[in-house]
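**Q** Would you mind keeping the following structure in view while I ask a few things?
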Amino acid sequence: MEVIVAKTAGFCFGVQRAVDKVYEQTEKKKGPIYTYGPIIHNEEVVKDLEARGVRVIESRRELEQLASGTVIIRSHGVGRDIYRLIQEKGLELVDATCPFVKKIHRIVEKESREGKQIVIIGSDSHPEVEGIKGWCVGKTTVIATEEEAEGFVPEAGKNLCIVSQTTFNNNKFKNLVEIISKKGYDSNAINTICSATDERQREAAQIAKRAGAMIVIGGRHSSNTQKLFEICQKECENTYYIQTLVDLEPILLPPVDCVGITAGASTPNHIIKEVQTYVRNEF
Ligand code: F3S
């Protein structure tokens, strides 16, 4: 039986880099270590880090109360005020913001300083968008739906700079930009979507098309894993959603020639390997 593991399964470059940075800090053992928000949405990893002395800070208020230690900023990034606060408090800063997100910070900072009104295509409540807003000078608008794009009116006399959340859907971004552009405003749209999510989904669909059974690994609450599952299910009726190997063990895979495996962005590599070894040995 053939087993195909997606090359894009698991951590993207930015998440891998952030997780590595936290583990690096735990080895230095220089005092208390905090991450500003969970480093990834994976309970197992967060628990493992906790056991190594890493605490998760959930809010700015908690950050204000720290007296010493190292604060690690996760791949989503944060606004300028959080950097300032860390500096003012004399805390050590380790910046694990994904370089692709950092690039958006630089763009919006420059463009808004030059007088443009920034429009962010994305979800207003997402921490990445929160962080991007925190680099803008002046009014910022977040747009996620066609209705919001239709109803959008910029400040009088303002030119626009449109950027997107890195994980936004490409087609949706183009569509929303078109709606805004059609209104005749002077706008400059910069597509800042990261290709990692797109590539992962495309590869998963290709493998699922070939495979007789498909295994999707990821957290139950991980929205990108849920999306992967839906995509694979469309192509392969024997698609299974598991969090770890434990969920796979009671499942009897049908007799097939080829099993495909993919995983969401917050699935650690060792879980993917365990599943892969199990499938190769047991079926
Ligand atoms: Fe990952 Fe960075 Fe892209 S965190 S999804 S590589 S923007």
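**Q** Mind checking whether some residue in region 8-17 is of a type outside the set (Asp, Glu), more than 28 Å from residue 197 (Cβ to Cβ) and open to solvent by less than 60 Å² (accessible area, probe 1.4 Å)? Spell out how you get there, then give the answer.
**A** In the first step, residues of region 8-17 are kept if they are of a type outside the set (Asp, Glu); the result is 8-17.
Still in the list and also more than 28 Å from residue 197 (Cβ to Cβ): none.
No, region 8-17 contains no residue that is of a type outside the set (Asp, Glu), more than 28 Å from residue 197 (Cβ to Cβ) and open to solvent by less than 60 Å² (accessible area, probe 1.4 Å).
**Q** Looking at residue 22, is it over 17 Å from residue 97 (Cβ atoms) and assigned to a helix (DSSP H, G or I)? Lay out the reasoning, then the answer.
**A** Values: over 17 Å from residue 97 (Cβ atoms): no; assigned to a helix (DSSP H, G or I): yes.
The answer is no for residue 22.
**Q** Separate question: Pick from 267, 262: which is outside any strand (DSSP E or B), open to solvent by less than 10 Å² (accessible area, probe 1.4 Å) and within 30 Å of residue 168 (Cβ to Cβ)?
**A** On the way: 262 fails: outside any strand (DSSP E or B).
Checking each option against the conditions leaves just 267.
**Q** Further question: What's the total number of residues in region 171-222 that are farther than 26 Å from residue 46 by Cα, of a type in the set (Gly, Ala, Ser) and outside any helix (DSSP H, G or I)?
**A** 6
**Q** Tell me, please, whether a residue that is under 30 Å from residue 195 (Cβ atoms) and loosely packed, with under 14 Cβ neighbours inside 10 Å can be found in region 61-69. Break it down stepwise before answering.
**A** Narrowing region 61-69 to residues under 30 Å from residue 195 (Cβ atoms): none.
No, region 61-69 has no match at all.
**Q** Another one. Would you mind stating whether residue 7 is within 16 Å of the ligand (Cβ to nearest atom), out of contact with any strand residue (DSSP E or B) (no Cβ under 7 Å at 6 or more places or on another chain), more than 29 Å from residue 106 (Cα to Cα) and not hydroxyl-bearing (Ser, Thr, Tyr)?
**A** Details: within 16 Å of the ligand (Cβ to nearest atom): yes; out of contact with any strand residue (DSSP E or B) (no Cβ under 7 Å at 6 or more places or on another chain): yes; more than 29 Å from residue 106 (Cα to Cα): yes; not hydroxyl-bearing (Ser, Thr, Tyr): yes.
So residue 7 passes the test.
**Q** Are there any pairs with C-beta distances below 7 angstrom linking a residue in region 12-31 that is over 17 Å from residue 200 (Cβ atoms) to a residue that is open to solvent by 20 Å² or more (accessible area, probe 1.4 Å) and more than 11 Å from the ligand (Cβ to nearest atom), with the two at least 6 apart or on different chains, and if so which?
**A** What qualifies is 21/94; 25/94; 26/52; 26/53; 31/68.
**Q** Look at residue 96 and say whether it is touching a helix residue (DSSP H, G or I) at 6+ places or on another chain (Cβ under 6 Å), modelled with pLDDT of 95 or more and closer than 17 Å to residue 128 by Cβ. I'd like the intermediate steps shown before the answer.
**A** Values: touching a helix residue (DSSP H, G or I) at 6+ places or on another chain (Cβ under 6 Å): yes; modelled with pLDDT of 95 or more: yes; closer than 17 Å to residue 128 by Cβ: yes.
Yes.
**Q** Additional query: Does at least one position in region 115-130 carry a residue that is hydroxyl-bearing (Ser, Thr, Tyr), open to solvent by 10 Å² or more (accessible area, probe 1.4 Å) and in contact with a helix residue (DSSP H, G or I) (Cβ under 7 Å, 6 or more places away or on another chain)?
**A** Going through region 115-130, the residues hydroxyl-bearing (Ser, Thr, Tyr) turn out to be 123, 125.
Next cut, open to solvent by 10 Å² or more (accessible area, probe 1.4 Å) only: 123, 125.
Checking the rest, the ones that are also in contact with a helix residue (DSSP H, G or I) (Cβ under 7 Å, 6 or more places away or on another chain) come to 123.
Taking every residue of region 115-130 in turn, at least one turns out to be hydroxyl-bearing (Ser, Thr, Tyr), open to solvent by 10 Å² or more (accessible area, probe 1.4 Å) and in contact with a helix residue (DSSP H, G or I) (Cβ under 7 Å, 6 or more places away or on another chain).
**Q** Shifting gears a bit: Take the residues in region 237-274 that are polar (S, T, N, Q) and within 29 Å of residue 47 (Cα to Cα), then tell me which one is nearest to the chain's Cα centre (by Cα). Explain how you work it out, then say what you get.
**A** Restricting attention to region 237-274, the residues satisfying the condition of being polar (S, T, N, Q) are 238-239, 243-244, 262, 266-267, 269.
When the remaining residues are screened for being within 29 Å of residue 47 (Cα to Cα), the result is 239, 243-244, 262, 266-267, 269.
Values: 239: 24, 243: 18, 244: 20, 262: 17, 266: 8, 267: 12, 269: 16 Å.
The qualifying residue nearest to the chain's Cα centre (by Cα) is 266.
**Q** Now a separate question. Could you list, in sequence order, the residues of region 62-104 that are assigned to a helix (DSSP H, G or I) and more than 16 Å from the ligand (Cβ to nearest atom)?
**A** Step one: of region 62-104, the residues assigned to a helix (DSSP H, G or I) are 62-64, 80-88, 99-104.
Across region 62-104, the qualifying residues are 62, 63, 64, 80, 81, 82, 83, 84, 85, 86, 87, 88.
**Q** Just name the residue that is most open to solvent (accessible area, probe 1.4 Å) out of those in region 145-172 that are closer than 20 Å to residue 117 by Cβ and within 14 Å of the ligand (Cβ to nearest atom).
**A** 168
The values are calculated or read from the model by the stated rules, or taken from the named source; none is laboratory data. Everything quoted here is computed from the prediction, not taken from an experiment. Reconstructed Cβ throughout: ideal geometry from the backbone, glycine too, with neighbour counts over all protein chains shown. To get the accessible areas, we keep the full protein, side chains included, count just its heavy atoms, and leave off ligands, DNA and RNA. Shrake-Rupley method; radii C 1.70, N 1.55, O 1.52, S 1.80 Å.
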